[in-house]
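Worksheet: one structure, shown below.
The values are calculated or read from the model by the stated rules, or taken from the named source; none is laboratory data. Please read these numbers as outputs of a predicted model, since none were measured by experiment. Positions of Cβ are backbone-derived with ideal geometry, glycine not excepted, and every protein chain shown enters the neighbour counts. Each accessible area value is taken on the protein alone, full model and side chains, heavy atoms only, with ligands, DNA and RNA left out. Shrake-Rupley method; radii C 1.70, N 1.55, O 1.52, S 1.80 Å.
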Amino acid sequence: MHDTLTQLGAIIKAARNSKKLTQMELSEELGITPRYLQAIENENRTPSYDLFFRILSYLDIPLDNIFHTSESNTTPEQAQLLYLIQYKCTEGDISVLLSTAKALVETKG
């Protein structure tokens, strides 16, 4: 369980950073103190179920990222990207992303 809590904090922190949110901004959005958010991210503090699901929803973190992280080598950032592509992007968005990814890979040789 301790490992899951450590991963939870790291996943939340990575998703928050990915959205370019400060602890202050996210804590205000969630209605908690920045110190409490810091404790969740860095000190393995366990949020209530209500807060847990509000955090996941606000940061677009799928539950699989929390409970199945040991089964894959996917980073929290990669998992969040896959979630956004799967659930938030239109077919047109996916086409643009695919073309961009292909061009990026080609430039690396």
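Measuring r between the beta carbons of PHE53 and ILE94 and using R0 = 35 Å, the FRET efficiency lands at 0.85.
Extension gain, ARG45 to THR22, is 6.4 nm, computed as 0.36 nm per intervening residue step minus the present C-alpha separation.
Ligands, DNA and RNA excluded, the heavy atoms of THR100 present near 80 Å² of accessible surface to a 1.4 Å solvent probe. Applying 0.36 nm per residue to the separation of GLU29 and ASP60 and subtracting their alpha-carbon distance, the gain on full extension is 9.8 nm.
Could you report the chain's accessible area per residue, 1.4 Å probe, as an integer in Å²?
Normalised by residue count, the accessible surface of the chain is 67 Å².
If R0 equals 30 Å, the separation of the Cβ atoms of LYS108 and THR75 corresponds to a calculated FRET efficiency of about 0.95.
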